[in-house]
Every structure is written in structure tokens, then in C-alpha cells.
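These notes are about the structure you will find just below.
The values are calculated or read from the model by the stated rules, or taken from the named source; none is laboratory data. The structure displayed is predicted, hence computed values, not measured ones. Methodologically, a virtual Cβ is constructed for each residue, glycine included, from the backbone with ideal geometry; neighbour enumeration extends over all protein chains shown. All accessible areas refer to the heavy atoms of the entire protein, side chains included, with ligands and DNA or RNA removed. Shrake-Rupley method; radii C 1.70, N 1.55, O 1.52, S 1.80 Å.
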Amino acid sequence: MHNFKRIADAGNLTGKVALVRVDFNVPMENGLVTDDTRLRAAVDTVQSLRTAGAKVALLSHFGRPKGQRAAELSLAPIAGAFAKVLGANVSFVADCKGEHAKKAIADLKPAGVILLENTRFCKGEEKGDLELAKEIAALGNLYVNDAFSAAHRRHVTTAVLAELLPAYAGINMEEELDALDKALGRPVRPVLAIVGGAKVSSKIELLKHLVTRVDALAIGGGMANTFLFARGHTVGKSLCERDLIDTAKEIEAIAKAARCDILLPRDLVVAKEFKANAAHRTCGLDEVSDDEMILDAGPQSVAILAAAMDVARTLVWNGPMGAFELEPFDNATVSAAKAAAARAKAGKLVAVAGGGDTVAALHHAGVAQDFTFVSTAGGAFLEWMEGKELPGVQALIASGNALN
């Protein structure tokens, strides 16, 4: 992963136009940004380019307009929101190609910032259309990709531009790739992975890949129920994909061949209702009644997981350990998160986490800031964990090799 070029490698940028792919696909309500996390993530890259004297032209998608203009999906309101986060003026142009955009960029002074219109208004964006890529590339002198969250798509602005212009990773992208390299690329062993969530069916490829790459895999959440059921344990009326028993057994066989230990809950927190503060009890693996559902792992399971963290040097985490959105069924997730964070903060563990529910769970536990790295990339993070090549990253690496 270290073959890509970084902004520091770009040389003299005074007066040059940097086309910067960011991810400004942020939640909006009544025309206002309700979560500016992705806007703040772009600040370091933009400021770095401004300091170097470059003109910064920002490219982003927003929503799913499928090649059609839609007023409600315009990036215009986001220009003002990003200006507040950046602490500098951000202009806007209602196109991402053509003479209108070209003139607006030409009118920028060095260190100026402009946000171009939603790239998905262009029909060829999601198809990776070369002609559209050439039109957009004509607006700039270099390309910077700072949107790892969109790197699993071979779109014009996430990958193809890197084939037409000198291409560099933005600071956010750089940090993400460096962290992922430490987690699974070239990790310090032993490596422990935690995978939770509701369904095995959504993470089959992930599990099959991970057991060949890590030393131990802890499975939690609803998906653990399927593995417990496959081992012959009772699960009551819990969420359980009974049709995936053979898949669970196959994953366990792959793990055994790869000498990867699979850690499943040893004790369970069960309830008869799926709601916050429902009457509940802690029980053993074969003590779940027919009218009960498993909503969390018990304290013994958390202790075993914490002990596994003591042995591990690297942790990769995706998915909660239980129904963390409902108290008190967030206990296993919160306790495990705090255990991992404490070890990471003490320098005993490289702890990398990602995925929407995972990020929410770590913030819920109040420990996200103590992890080595927390990715907000979602789909791209999952595909990376599955061992898939990400077109946006591969394009940066190919460009880096070409520039050497």
C-alpha cells in the first residue's frame, strides 16, 4: 500500500489546480448539514494544498441522481457548510465540467477553493466514462483522492482521473491506507479480529477471508447465534439464519485449516422482548428457552475476549457484539470497546475499527478517540476487509508507480 504518492511528493504547486475528490455525501435536513464529520475530514488536505499555493477544486457525489440533475441533490448548500468548517471562503459552480467550470476555476486566486456540482449529475460518472474523465481532467493539473469511502467504485472521479493526471492520496486517504496496512497488510502478530452484526449472510466473504489472515476471530451479535446453532446449541427465538448452518461449518473448517481460533460467546444475555430495559437474565449456552432471544454476550464472554486482546498485538473490529442500541444489551459491546481502547491508548495494541454500526458503537462507548484508527468508510472498509482490490486505491498505486 505504500506505493502511492502523497501530497508532499507533488513538488511546487503554486498556481496549479488540484482536482480533489472528497466525500461530501453528508446527511442533510431542511437544507442544513446535520453531521459534518466528512466535511471536517477533508480540512487537512484542503489546507495543505492551499498552503502550497494551489487552487483547490473539490469533486464529490451526493445521493443517487443517476445522471439526472435534481435540485434537492445539488451540492450548493454544502459549499457554505464547508466554508464554516474550513474557515475560508468556498465558492460554488453549478457544473463539474465544461467552460463554466473552467472559467470559475481560472478566476480563483492561488489558495482559493471551489466546490463543483454533484459529479453524479453527469451520466458517465458511475460508468467510469473516459470521455467525461477527459473533460474533467482538463480542468486541473493534478488529481488528489481523499475519499477512501468511495474508493471501492471505479467511477470517473474516484479512479479514472488518476489515469489521466498525476495522482496523489489526500491526507485522510493516506491515514486510512496507512492504518489499514498496519491492521491487515503488514500487521504485528498475533492479530485478533472481531466481527459482529445481525446476519452471517451479509459477511460470508468477509469471514472466509479473515480466518485465513488473522490468528483469532471473535464472532458476536446476531451472527454468533447462527454459529452457535450450527454447533448444536439452542437459540430459542433469537435471530438465526438456520439455512446457513453448512456455511458456518465451512467457515469453521477453513479457520481450523488456517490455525485461526474462532471465539464464540460462552454465556448469553437473553430476554423475551426486543426492547430497551426488557426483563433479562444471563444464562449458559444450552439454557435458552424457546420463548427467549439472545440479545448480548455475557460477562464471561467479555472476559475471554479481553484476555484475547491481552495476547493480541493487532485488532481489527467490524460490528457490535449485541443489540448495542438497546440498554442494557450494549454491555458486551461497550465493555469490549473500553478494553480495546485502554490497550490501544497504552500502546499495547494497534486497534483499527470501521463500519457504520461499529463507529456508532465506539462513540456510544465514548472510546472512539482512543482507538488507533476508526474508519468511517462503510462499504469500502468492508470490501477491504474481504480482501478485494479497491479501484480508487489501485489507481493511485498505478499512478505512483508510473511517476517513479
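For this structure, a couple of remarks:
- For LEU217, nonlocal amide neighbours, meaning residues 5 or more places apart or on other chains whose placed amide H falls under 5 Å from its own, are ALA193, ASP261, ILE262, LEU263.
- The loop-placed GluC sites (Glu not before Pro) in region 255-355, going by DSSP, that have at most 14 neighbouring Cβ atoms within 10 Å of their Cβ come out as GLU273, GLU325.
- Here the dipole of region 2-106 is about 380 debye; that uses its Cα centre as origin and unit charges on the Cβ of Lys and Arg (positive) and Asp and Glu (negative).
- Gyration tensor (alpha-carbon) shape descriptor, the chain, a/c threshold 1.5: prolate
- As a rough guide to protection, the peptides 157-163, 126-132 ranked by mean Cβ packing within 10 Å, highest first, stand as 157-163, 126-132.
- Taken per residue, the accessible surface of the chain reaches 42 Å², heavy atoms only and a 1.4 Å probe.
- Cα long-axis angle, helix 356-365 against the chain (0 to 90 degrees, to the nearest 10): 70
- Using alpha-carbon coordinates, inclination of helix 391-403 to the longest axis of the chain, degrees: 50
- Among beta bridges identified by DSSP and lying wholly in region 205-302, the antiparallel ones come to about 75 percent.
- Peptides ranked, highest mean first, by Cβ atoms within 10 Å: ranges 72-82, 243-253: 72-82, 243-253
- Residue among PHE274, PHE373, PHE148 with the largest mean-square fluctuation in a Gaussian network model of the chain, springs linking Cα atoms under 10 Å: PHE274
- Full extension of the chain segment joining ALA342 with GLN369 gains 8.6 nm, where the gain is 0.36 nm per residue of separation less the Cα-Cα distance.
- Phi angles across region 114-120 convert, under the Karplus curve 6.51 cos²θ - 1.76 cosθ + 1.60 with θ = phi - 60°, into 3J(HN,Hα) values of 9, 9, 8, 5, 2, 5, 7 Hz, Gly and Pro given as x.
- Beta bridge orientation in region 1-147: antiparallel %, DSSP, nearest 5: 10
- Shape of region 338-404, Cα gyration tensor, a/c cut at 1.5: prolate
- Gyration tensor (alpha-carbon) shape descriptor, region 53-105, a/c threshold 1.5: oblate
- Most simply put, the chain has about 20% antiparallel DSSP beta bridges, counting only bridges with both residues inside it.
- With every protein chain in place, the chain: carbon and sulfur % of accessible area (1.4 Å): 49
- Estimated [θ] at 222 nm from DSSP helical runs (n ≥ 4, -39500 (n - 2.57)) normalised by residues in the chain, nearest 500: -10000 deg cm²/dmol
- Each label was represented as a point 7 Å from its Cα along the Cα-to-Cβ direction; for ARG69 and ARG189 these points are 5.8 nm apart.
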